[in-house]
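Before any comments, here is the structure.
Rule-based calculations on the coordinates, nothing more; no lab input. Keep in mind it's a predicted model, so treat the numbers as computed, not measured. For neighbour counting, all protein chains shown are included, and Cβ atoms are generated from backbone atoms with ideal geometry for every residue, glycine included.
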Amino acid sequence: MANNLLAGKKGIIFGALNNQSIAWKTAEACYANGAQIVLTNAPIALRMGEINGLAEQCGNAPVIAADVTNNEDLQNLLQKSMEHFGGKIDFILHSVGMSVNIRKGNHYTGLNHEFQHKTLDISALSLHRLCQTAYNMDAMNDWGSIVALTYIAAQRVFPDYNEMADAKALLESITRSFGYHFGKKNKVRINSISQSPTRTTAGSGVKGFDGFMSFAEKMSPLGNASAEDCANYCVTMFSDLTRMVTMQNLFHDGGFSFTGVTAEVIEQMEK
Ligand SMILES: NC(=O)c1ccc[n+]([C@@H]2O[C@H](COP(=O)([O-])OP(=O)(O)OC[C@H]3O[C@@H](n4cnc5c(N)ncnc54)[C@H](O)[C@@H]3O)[C@@H](O)[C@H]2O)c1
């Protein structure tokens, strides 16, 4: 869907691992809407090389490695991006998440707390680190927009989402807290988008993902939102059409978050 909503805008997209990634679809949608972009991911993810195809597709976008837990990497990323753009940045997508305990198969009641620190650092504190780096470097244009991706397990219990629920709750809190300060400084807005379950590398890592995805589909009057739908929503959040929206957690889930029960779920229970 290309409406040129981002004509003249310049942005950084974190987290395009492969063509299933929400960040991948968002990079494509931003480029199709007239934006210039820089792509970034952790050095280890870049070694897989898939991102180079996306970069080519997006007007030979530069690909700059950055581990979100490393201050120097983030400074370097923002500096190089501004040099490439010849000016400040208009939008950033934070599409980063990783749970070490989920990878290791640890139950929530048996978390390894060293791993938990790492999870929180990558999946939540990285948003603060990124915003703080951009704030101190004065890297964002006035009315710029930062979006982070989150999940409803921050508000309600989804037992298999495990420690990522706590990471997302912290991420959403940082969205609000930093959104205040960045808004005051130069009208930069920060929001989180709470997305439907989506079949990606990170999503499929959650135990019982397939069953859960069909449950969410039945519980959402519009059905699950796809990665492409999410990408389009990100485009609107980066555009000037949403310039007074900040510090919000925005549900993008086909109505799941406000649905108590549906006819499909009752029918299933009566079988
Ligand atoms: N897939 C879902 O069901 C779903 C639902 C709601 C929200 N989200 C969120 O969307 C975001 C994107 O995930 P996705 O589903 O597209 O999966 P994905 O696996 O494609 O993306 C996750 C990205 O995080 C990157 N990453 C991990 N550690 C990093 C580090 N130290 N430094 C820099 N990057 C790092 C990975 O390389 C990867 O590109 C995540 O925040 C995820 O929690 C996903």
For the VAL63, LEU222 Cβ pair and Förster radius 41 Å, calculated FRET efficiency rounded to 0.05 is 0.75
Footprinting exposure proxy for LYS185, LYS168, LYS218 (fewest neighbouring C-beta atoms within 10 Å first) | LYS185, LYS218, LYS168
May I ask you to sort TYR135, TYR180, TYR161 by Cβ crowding, counting other Cβ atoms within 10 Å and putting the fewest first?
-> TYR180, TYR135, TYR161
Can you spot the aspartates and glutamates whose alpha carbon is less than 19 Å from LYS80's alpha carbon? Ignore those fewer than 8 places along the same chain.
-> GLU56, ASP67, GLU72, ASP90, ASP138
Grab the DSSP H runs of the chain that are 4 residues or longer, score each as -39,500 (n - 2.57), total them, divide by all residues and round the 222 nm result to the nearest 500 deg cm²/dmol.
-> -12500 deg cm²/dmol
At a Cα cut-off below 16 Å, give the lysines reachable from LYS118, other chains included and same-chain residues fewer than 8 away excluded.
-> LYS104, LYS168
Pairing the Cα long axis of helix 164-186 with the longest principal axis of the chain, what angle in degrees results, from 0 to 90 and rounded to the nearest 10?
-> 30 degrees
In order through the stretch 4-19: 3J(HN,Hα) via Karplus (6.51 cos²θ - 1.76 cosθ + 1.60), integer Hz, x for Gly, Pro = 6, 5, 10, 3, x, 8, 10, x, 10, 10, 8, x, 7, 8, 8, 6
Note, ³J(HN,Hα) from phi for the stretch 55-62, Karplus 6.51, -1.76, 1.60, rounded to Hz, x at Gly and Pro = 4, 4, 4, 9, x, 6, 5, x
At R0 = 22 Å the Cβ-Cβ FRET efficiency linking ALA263 and SER214, nearest 0.05, sits at 0.90
Pseudo-spin-label distance HIS107 to ASN3, built 7 Å along Cα→Cβ, given in nm, is 4.9 nm
Near the amide H of ASN106, under 5 Å away, which other amide H atoms are found, from residues 5 or more places off or on another chain, if H is placed in the peptide plane?
-> none
Folded to 0 to 90 degrees: helix 126-136 orientation relative to the chain principal axis, Cα = 20 degrees
Cα long-axis angle, helix 71-85 against the chain (0 to 90 degrees, to the nearest 10) | 60 degrees
Straight-line reach from LYS25: which lysines have Cα under 21 Å away, leaving out those fewer than 8 places along the same chain?
-> LYS9, LYS10
Return the long-range amide H neighbours of ALA148 (sequence gap of 5 or more, or a different chain), with a cut-off of under 5 Å between placed amide H atoms.
-> HIS94, ASN191, SER192, ILE193
Work out from phi, with θ = phi - 60° and the Karplus expression 6.51 cos²θ - 1.76 cosθ + 1.60, the ³J(HN,Hα) of each residue of the stretch 262-271, listed in order in whole Hz, and give x for Gly and Pro.
-> 10, 4, 4, 5, 4, 4, 4, 5, 7, 5
Relative contact order (%) - criterion: Cα under 8 Å, at least six apart; region: the chain = 19 percent
With +1 at each Lys and Arg Cβ and -1 at each Asp and Glu Cβ, the charge dipole magnitude of the chain around its Cα centre, to the nearest 20 debye, comes out at 500 debye
